[in-house]
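Below is one structure, written out as structure tokens; comments come after it.
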Amino acid sequence: MVSLRAVSKQFPSGTRALEDINADIETGEFVALLGPSGCGKSTLLRLLAGLEAPSTGQIAWDAGHKPGPGDIGYVFQDATLLPWATAAENVYLPLRLRGQSRAQAAALIGTTLARVGLAEFAGARPKALSGGMKMRVSIARALVSNPMLLLMDEPFAALDEFTRHRLQEDLHLLWRETGKTIIFVTHSIYEASFLASRILVMSPRPGRIAADIRASVPEGPN
Ligand code: ADP
Ligand code: ADP
């Protein structure tokens, strides 16, 4: 789907976050970016999302895979929901930005919230939701435009162990059902090894790919 070729990132501050990253990500992979804090995992995710540009090197999308609006779903680490908007309104946002009316979007918002187990919470505002539920809303918002690629920045880090485990199971199921390409950031070897079909292990800053490990068939949680 996408090839990273000699990608490096140096910030104007002088910090070298990434150095000579080379990897090919295939359609349908569930990739964990694993590495210590500060090694450039989030930066790599933002480069893939097009939120930032590499300093040197190329990110080359395969023919027919060049992402357009709505083709990449991005889940931020802290969920980042609009606090004054309901779950349904938060999920509606990407569709609204693409010019869909609320009436046109209503059915899709409903099925997407149901997919993440929040059918009954469409009208709830973030303040009334638990951490796990907010993360689910954030995932629904990323999925609603049926993106070809789902990028998630430490989606489980802020959750308690029980909630994390449930969300991990559900995400794994979603991956198996939809075959979507998912790339997520983690600093947990445990999380990477039981969730992902492939682990890119990064070295401390400036992040390089220290190992590229493919699981045979991931079994999922449990
Ligand atoms: P990770 O996600 O692995 O913890 P990050 O990608 O967030 O790492 O950050 C990698 C390094 O780049 C860190 O040292 C961080 O402080 C630095 N960094 C990240 N974003 C910026 C920025 N916009 N400007 C300057 N330095 C940054
Ligand atoms: P998860 O979000 O992974 O389902 P949580 O621990 O956040 O895990 O929530 C577990 C379940 O408890 C939810 O699916 C929901 O049914 C219920 N729940 C959690 N928080 C609330 C809340 N603020 N109001 C009503 N029900 C809640």
Apply 1/(1 + (r/R0)^6) to the Cβ-Cβ distance of Ser101 and Ala210, taking R0 = 35 Å, and write down the FRET efficiency to the nearest 0.05. 0.10
Where in the stretch 139-167 does the label zone of Leu82 land, with the point 7 angstrom along Cα→C-beta and an amide N cut-off under 17 Å? 139-145
I'd like the carbon and sulfur percentage of the solvent accessible area for the chain, probe radius 1.4 Å, heavy atoms only, ligands and nucleic acids excluded. 53
Potential extension, Met1-Tyr190 segment - 0.36 nm per residue separation minus Cα distance: 65.4 nm
Quick check: Cα centre of the stretch 17-50 to Cα centre of the stretch 184-209, how many Å? 9
Do any chymotrypsin sites (Phe, Trp or Tyr not before Pro) in the stretch 41-97 lie in a loop, going by DSSP, with at most 15 other beta-carbon atoms within 10 Å of their beta carbon, and if so which? Trp84
Over all alpha-carbon pairs of the stretch 154-215, lay out the pair-distance distribution in 5 Å bins, whole %, shortest bin first. 4, 16, 26, 25, 16, 10, 3, 0
Explain nothing, just the number: dipole magnitude of the chain about its Cα centre with +1 on each Lys and Arg Cβ and -1 on each Asp and Glu Cβ, in debye rounded to the nearest 20. 560
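Would you kindly calculate the mean projected area, averaged across all directions, of the convex hull enclosing the Cα atoms of the chain, in square nanometres?
12.4
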When only DSSP loop residues count, what GluC sites (Glu not before Pro) in the stretch 136-222 have their Cβ near at most 10 other Cβ atoms within 10 Å? Glu219
In nanometres, what is the gap between the two model label sites at Phe11 and Thr56, each 7 Å from Cα along Cα-to-Cβ? 2.1
Regarding the stretch 82-138, what are the three Cα extents along the principal axes, ordered largest first, in Å? 30, 22, 15
In square angstrom, what is the accessible area per residue of the chain with a 1.4 angstrom probe? 48
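The values are calculated or read from the model by the stated rules, or taken from the named source; none is laboratory data. Quick caveat: nothing in here was measured; it's all calculated off a predicted structure. Note that each Cβ is placed from the backbone with ideal geometry, even for glycine, and that neighbours are counted across all protein chains shown. Surface accessibility is based on the protein's heavy atoms, side chains included, excluding ligands, DNA and RNA. Shrake-Rupley method; radii C 1.70, N 1.55, O 1.52, S 1.80 Å.
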